[in-house]
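Engineer: Dropping the structure in here first, questions after.
The values are calculated or read from the model by the stated rules, or taken from the named source; none is laboratory data. All values reported here derive from a predicted model rather than from experimental measurement. As a convention, Cβ positions derive from the backbone with ideal geometry for all residues, glycine included, and neighbour counts pool all protein chains shown. Just the protein is used for accessible areas: all its heavy atoms, side chains included, with ligands, DNA and RNA removed. Shrake-Rupley method; radii C 1.70, N 1.55, O 1.52, S 1.80 Å.
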Amino acid sequence: LCVPLVTPSGSVVGVIEAMNKKGDIPFDADDEESLRALGSHAAVALDTQRLLDGELRRERMESEIELARKRALTTIDAQVQSSTSYSTTLNKRRVELEKQKAQLGDKPLPTVLERELVNITAELGKQDQLLAAKQKEIAVVNARYDADKKRWKELRLATEAQMSGGTNVVPTSQK
């Protein structure tokens with residue numbers, strides 16, 4: 001005796017089969033009704049588990065996207081902090097050299113110190129460019145991960161709609 005596992009919404013999620021009734025007696029209508037009732041409960045349990053599994057996968061995927069974002073931003077933040085610290089050190093040295101230059105009055109700054117001051121100024125410019133680039137990179141990373149998360153949600157909704165018998169939904173990112 002074999003009956004389909006039918007959910008309350010009418011979806012068939014499997015079959016259940018009873019074999020070899022005790023005493024080699026043939027299955028009757030009561031047996032079929034009992035097996036259908038058992039099948040209904042099994043179908044609901046399977047459908048519920050499928051939904052829970054889908055929800056867990058969704059949560060896991062969203063948390064993985066967020067974790068990847070945080071890792072990328074942490075890396076960029078470390079670079080920003082390093083550059084900021086380096087710039088602070090360079091600025092302190094530049095201030096020292098400017099003081100020495102001021103103390104000399106009209107006398108020229110020794111060539112070595114003059115070169116150092118020029119190099120510090122150039123390096124501070126590079127660090128400013130690096131910091132500006134990192135700020136843009138932060139915006140790009142956030143936008144990319146926001147787009148990934150949005151695309152994931154659209155795909156999830158389309159899949160859920162398809163599985164629940166809805167129309168064939170195309171995510172907006174694929175239109």
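Engineer: Quick one: what are the phi-derived ³J(HN,Hα) couplings along the stretch 153-160, Karplus 6.51/-1.76/1.60 with θ = phi - 60°, whole Hz, x for glycine and proline?
Structural biologist: Coupling constants for the stretch 153-160: 5, 5, 5, 5, 5, 5, 5, 4 Hz.
Engineer: Another one. Once the whole set of protein chains is in place, how much accessible area is left on residue 107, using a 1.4 Å probe, in Å² to the nearest 10?
Structural biologist: 140 Å²
Engineer: With the full set of protein chains in place, find how many percent of the accessible area of the stretch 1-69 is carbon and sulfur; take the probe as 1.4 Å.
Structural biologist: Heavy-atom surface of the stretch 1-69 belonging to carbon and sulfur, 1.4 Å probe: 58 percent.
Engineer: Could you put 76, 16 in order of accessible surface area, largest first, with the 1.4 Å probe and the full protein assembly present?
Structural biologist: The ranking, largest first, comes out as 16, 76.
Engineer: Let's see if you can work this out: charge +1 on each Lys and Arg Cβ, -1 on each Asp and Glu Cβ, no other charges. What is the dipole magnitude of the stretch 11-76 about its Cα centre, in debye to the nearest 20?
Structural biologist: Here the size comes out at about 700 debye.
Engineer: About the Cα centre of the stretch 11-131, what is the dipole size in debye to 20, counting +1 per Lys and Arg Cβ and -1 per Asp and Glu Cβ, all else neutral?
Structural biologist: 1420 debye
Engineer: Please report the accessible area of residue 66 (heavy atoms, 1.4 Å probe, ligands and nucleic acids excluded) in Å², nearest 10.
Structural biologist: The value for residue 66 is about 50 Å².
Engineer: Please compute the modelled spin-label separation between residue 103 and residue 122, points set 7 Å along Cα→Cβ, answer in nm with one decimal.
Structural biologist: Those two pseudo-labels are separated by 2.6 nm.
Engineer: Okay, moving on. Given a 1.4 angstrom probe, what's the average accessible area per residue across the chain, in square angstrom?
Structural biologist: 72 Å²
Engineer: For the stretch 37-175, with the dipole built from +1 on Lys and Arg beta-carbon atoms and -1 on Asp and Glu ones, taken about the Cα centre, which of 124, 157, 97 lies farthest toward the positive end?
Structural biologist: So the residue we want is 97.
Engineer: Among the aspartates and glutamates, which have Cα under 13 Å from the Cα of residue 134 when same-chain residues fewer than 8 positions away are ignored?
Structural biologist: 77
Engineer: In the stretch 121-166, carbon and sulfur make up what percent of the accessible area (probe 1.4 Å)?
Structural biologist: Carbon plus sulfur share of accessible area: 58 percent.
Engineer: Give the residue from 141, 79, 42 lying farthest towards the positive end of the charge dipole for the chain; charges sit on Cβ (+1 for Lys and Arg, -1 for Asp and Glu) and the dipole is referred to the Cα centre.
Structural biologist: 79
Engineer: Then there is this: Based only on Cα atoms, what mean projected area does the convex hull of the chain have, in nm²?
Structural biologist: 17.7 nm²
Engineer: Same structure, new question: Would you grab the residues whose amide H sits under 5 Å from the one on residue 5? Only those 5+ places off in sequence or on another chain, please, with H modelled 1.01 Å from N.
Structural biologist: When sequence neighbours closer than 5 places are left aside, the close amide H contacts are 13, 14, 15, 16.
Engineer: Multiplying the sequence separation of residue 73 and residue 86 by 0.36 nm and subtracting their Cα-Cα distance, what value in nm do you get?
Structural biologist: Length gained between residue 73 and residue 86: 2.7 nm.
Engineer: Using the Karplus curve 6.51 cos²θ - 1.76 cosθ + 1.60 with θ = phi - 60°, work out ³J(HN,Hα) for each residue of the stretch 100-113 in order, rounded to whole Hz, and write x for Gly and Pro.
Structural biologist: Taking θ as phi minus 60°, the curve returns 4, 5, 5, 5, 6, x, 7, 6, x, 6, x, 3, 4, 5 Hz for the stretch 100-113.
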